[in-house]
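Asker: Let me give you the structure first, and then I'll get to my questions.
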Amino acid sequence: MGIVVGIDLGTTNSLIATLDDGQPWVIPDDEGDLLLPSYVGMSDSNQLLVGQSAMRQYAAAPERTVKSIKRQMGTDYSVTLGDRTYSPQEISAILLKSLKQRAESVLAEEITQAVITVPAYFTDAQRQATKEAGEIAGFEVLQILNEPTAAALVFDVRAEEPENVLVYDLGGGTFDVSIVEIAGDVTEVLASHGNNRLGGDDFDRQLQRHLADRFSQAHDGTLVPTDAATQARLLQAAEQAKMALSDHAFTTVREPFLVSEGDAALHLEAEIAREDFENLIKPLLKDTLEAIDRALADADMTAEDLDRVVLVGGSTRIPLVQQLVESHLPGVPVSSFEVDLCVGLGAALQAGVLAGEAVSSILVDVTPHSLGIAAVMDTPMGRMPDMFSAIIPRNTVIPTSRSQVYHTSYDYQEAVEIEVYQGENAIARENVPLGSFRVEELPPKPGGSLQIEVHFDFDLNGILTVTATEKGQGKKNSLAVNDTETRRLSSHDLNQARAAIDSLFEAMPFSLEDLEADLAGESADSEEE
Amino acid sequence: MQAHLQVHYDRLGISPPATPSDIKAAYHTQLKAFPAHSHPIEFKAIRAAYEALRKAPKADENFFDVRPVEAKIDQSVVKQLRQQVSATVEVTLEDLILLTF
């Protein structure tokens, strides 16, 4: 049986983990580093840079460096590096491929199967983009796993009684809260909520603006230029100051020669108090507390029902985060464990379960967003068209099958249009459209007398099959969302992307061919072709 | 009331009356035998059974226990009842689908 891996593809850092005798461990790079900074760049000689090397050139060459690509997953965003334009999937695939090579070089074996984690609150499009990234990198993606759920798999609950654990996961770019019941080997998610655009990156940006203000105060109103390089320096200085403020009450930011005015060079030198920083981010953190309340309500719980809170993600190192969570959930013990690693470790555990290794853990997860269709509905303002009728409500355990019966809305209606959406808004088109189809040639009947049953089948891989059946004559039609045939990326596109990224890696000092040669050398009876 | 619940008890391999912790333990045992990733159809049936029995009125409540007389209608109970009824309807639909397999 091949080796399986779990990958935490993070906004700021990524990692790859595997199992040894059922125990997960993180695979380090040549230098012994466990985390791969999620940076991709091109050097001035057009050579691919991934991780540390790309991060190091960011302040000097932001136009040739990509960071925080996770925030663009599932969008049409594109970025140009060298002579090619890359989609978010492709940039993510470069990170994944780099992790894959790291693992193959340490384990001296080819690795193809992986579980990749995503924020629990990621939408369907974001999940599919992540899966595509995995495929471009050459993986068979066994499962797209929710990050807080992965983290929960790592906690060893030895208590006899089941424990209700709230996982608060605040990372570089995303925030999730999940309420999980852990009973022996069974980990069951009761509710998840979150924000796909809230994390350490936002705190950096707040502090970056604050530093710019401090600079102009110190230099008679001179503004920090808005060019990419200066802003990148300021952003990196902000990130370093943020990290320092997790351990110290004060920090000094020094960026010499930030701005040159005529012959004079202007320096940034500012002392930042932890309290200044806390005031900047407090409004953002308030949102996370509201998310806790909604998750609790969805799980039909109050704070008293929680046995503990576990903090996950690098941004939970900020002391204010812990203080706010503690005071919001009085009496519930708050702890943290390997905030950077536990998501990846949990992903490796789940990969082991799926590959049939002797890992005894059972996972029951939910879909964080409601799935439904547009329908005419009775509202306090009368009958309204294009309302969102949820068929699979949020926080339903998956896989699941649900049906609902609808009626035609006018006399002799010949067809119904089934428009499928994902989201929580009462107005259908305010949600994310997933596709639509029609059932036609309906028998002529008075309005309201014809019944159409709409059946939703949602599987663990996020494939949603919608079938609509007219109940009289049995006319029906169906739609599969995210099926291999309807995916947004054709297999031709996929192969092209894979080839383009492979060629980038081949030009790297440590190339794929070297690795393959190494691997061939390992097996005794391999022959030259 | 109990008759249509029988299929759910059977699915979890227990018989009424069962306490909530019996139901949960039986559910967990079935999950281990039929994990979602390898047995999606069985998993859905197990989950439906668990949700139905969890919401069902407790079978072990003693009718002859002396209780204080309640004169007014508790709105939350009405709401709960309404939810239970609709849950049961939902479940029978699921059953029908499953039985046709």
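Asker: Given charges of +1 on the Cβ of Lys and Arg and -1 on the Cβ of Asp and Glu, with all other atoms neutral, how large is the dipole of chain A about its Cα centre, in debye to the nearest 20?
Answerer: In total the dipole reaches around 1820 debye.
Asker: Still on this structure, I have one more. Which whole number gives the average, over all residues in B:40-51, of C-beta atoms from other chains lying within 10 Å of the residue C-beta?
Answerer: 3
Asker: Using only Cα atoms, figure out Rg for the stretch A:110-203 and give it as a multiple of 2.2 N^0.38 Å.
Answerer: Normalised by 2.2 N^0.38 Å, the Cα Rg of the stretch A:110-203 equals 1.19.
Asker: Then there's this: Mean residue ellipticity at 222 nm from the helices of chain A, using -39,500 (n - 2.57) per DSSP H segment of n ≥ 4 over the full residue count, to the nearest 500 deg cm²/dmol?
Answerer: After summing the helix terms and dividing by residue count, I get -10000 deg cm²/dmol.
Asker: In straight Cα distance, which lysines are under 19 Å from B:Lys55, not counting same-chain residues fewer than 8 positions off?
Answerer: B:Lys24, B:Lys44, B:Lys79
Asker: Shifting gears a bit: Over its Cα atoms, what ratio of radius of gyration to 2.2 N^0.38 Å does the stretch A:200-279 give?
Answerer: Ratio of Cα Rg to 2.2 N^0.38 Å: 1.05.
Asker: How long are the semi-axes of the equivalent ellipsoid of the protein assembly as shown, taking √(5λ) for every eigenvalue λ of the Cα gyration tensor, in whole Å from largest down?
Answerer: Semi-axes (√(5λ), whole Å): 45, 30, 28.
Asker: Volume per residue, Å³, of the convex hull around the alpha-carbon atoms of the stretch A:369-481?
Answerer: 90
Asker: Using a cut-off of 18 Å between alpha-carbon atoms, which lysines can reach A:Lys445, once sequence neighbours fewer than 8 places away in the same chain are excluded?
Answerer: Output for A:Lys445: A:Lys471, A:Lys475, A:Lys476.
Asker: Would you tell me the mean number of C-beta atoms belonging to other protein chains that fall within 10 Å of each C-beta in A:454-462, as a whole number?
Answerer: Mean inter-chain Cβ contacts per residue within 10 Å come to 1.
Asker: Setting aside same-chain residues fewer than 8 positions from A:Lys100, which lysines have a Cα under 24 Å from its Cα?
Answerer: A:Lys67, A:Lys70, A:Lys131
Asker: Which order, highest average first, do A:89-97, A:203-211, A:257-265, A:185-193 follow once you tally other Cβ atoms within 10 Å for each residue and take the mean per peptide?
Answerer: Final packing ranking: A:89-97, A:185-193, A:203-211, A:257-265.
Asker: To continue, here is another question. Most exposed first by the Cβ proxy, i.e. fewest other Cβ within 10 Å, how do B:Ser38, A:Ser315 rank?
Answerer: B:Ser38, A:Ser315
Read-outs throughout are calculated quantities, based only on the coordinates presented, and are distinct from any laboratory measurement. What you are looking at is a predicted structure, and each value in this text was computed from that prediction instead of being measured. Reconstructed Cβ throughout: ideal geometry from the backbone, glycine too, with neighbour counts over all protein chains shown.
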